[in-house]
Amino acid sequence: PAELPESARQLRRRVHQTIQRVTENVEDRLHLNTAVAALMELVNEIYRLEPEVSQGPGRGALQEALETVVLLLAPFAPHLCEELWARLGRRPYVVDRVWPQADAGVAREETIELAVQVNGKVRGHLQVGVGASEQEILRLAMEEPRVKEHLTGKEMVKQVVVPGRLVSLVVR
């Protein structure tokens, strides 16, 4: 929900992205190491955001994250997860729970980071909204301070925006 603090929304987004990744890696591709790596990334995110979300309206996001880690880890470490499940105050057994389902709306990123190249060399990065237009992206790229210094006094030859990846500017 929109009334959640940004840190709680960020944690929920990471939880649902992790559910998607672990589900895909376990069910579709049997890449178990990659699934465990995704869980480790989620645990690191929990550690990073825990001070901000442990109180107030973000508490539910923290609880959701902890329960999700236990549920997703259960096939790999069932006995440990039964103990963790009980310590979270949950009953009955974790083995009786259904696999968590990712909410694509929650998992969707709101912003993306784009690399900005000038004459083939990365000169900066920018955060843009997912739905930003090509003109808006180009404007922001040219306003980036490290990029701007490489454009000053030069003629723009070509501008290319690769959606979701990069902005390439060619000058002479």
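Computed values, structure above
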item: Rg over Rh, two decimals, the chain (C-alpha only, Kirkwood Rh); result: 1.13
item: q = 0.21, 0.30 Å⁻¹, region 14-75: log10 I(q)/I(0) [Debye, one scatterer per Cα]; result: -0.76, -1.27
item: Point-charge dipole on Cβ atoms (K/R +1, D/E -1) for region 115-168, about Cα centre, debye to 20; result: 200
item: Counting DSSP beta bridges with both ends in the chain, the antiparallel % (nearest 5); result: 80
item: Value of Rg to Rh for region 98-172 (Rh from inverse mean 1/r over Cα pairs, i.e. Kirkwood); result: 1.15
item: With DNA, RNA and ligands ignored, accessible area of E24 (1.4 Å probe; Å², nearest 10); result: 80
item: Under the Debye formula (equal points on every Cα, no solvent term), log10 I(q)/I(0) of region 70-122 at q = 0.25, 0.28, 0.29 Å⁻¹; result: -0.92, -1.02, -1.06
item: Model label zone, R165; criterion: amide N under 16 Å from point 7 Å along Cα-to-beta-carbon; scope region 120-144; result: 120-122
item: Rounded percent of accessible protein surface that carbon and sulfur make up, the chain, 1.4 Å probe; result: 53
item: Highest-fluctuation residue, V98, V130, V116 considered, GNM on the chain with Cα pairs under 10 Å; result: V98
item: Farthest toward positive dipole pole in the chain [+1 Lys/Arg, -1 Asp/Glu at C-beta], among V106, V94, A61; result: V106
item: Qualifying GluC sites (Glu not before Pro) in region 90-139, DSSP loop, other Cβ atoms within 10 Å at most 16; result: E109, E110
item: Label-point gap, in nm, between Q101 and Q20 - each point 7 angstrom along Cα→Cβ; result: 1.6
item: Helical segments meeting 15 Å axial Cα length and Kyte-Doolittle -1.0 threshold in the chain (DSSP H); result: 32-53, 59-73
item: Estimated [θ] at 222 nm from DSSP helical runs (n ≥ 4, -39500 (n - 2.57)) normalised by residues in the chain, nearest 500; result: -15500 deg cm²/dmol
item: Region 147-167-region 119-136 distance, computed between alpha-carbon centres (Å); result: 9
item: Accessible surface, per residue, of the chain when the full set of protein chains is kept, probe 1.4 Å, Å²; result: 61
item: Theoretical FRET efficiency, 1/(1+(r/R0)^6), r = Cβ-Cβ of V122 and A37, R0 35 Å, to 0.05; result: 0.85
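The values are calculated or read from the model by the stated rules, or taken from the named source; none is laboratory data. What you see is a predicted model, and the numbers here were worked out from it, not measured in a lab. Cβ sites come from the backbone with ideal geometry, for glycine too, and all protein chains shown count toward neighbours. Each accessible area value is taken on the protein alone, full model and side chains, heavy atoms only, with ligands, DNA and RNA left out. Shrake-Rupley method; radii C 1.70, N 1.55, O 1.52, S 1.80 Å.
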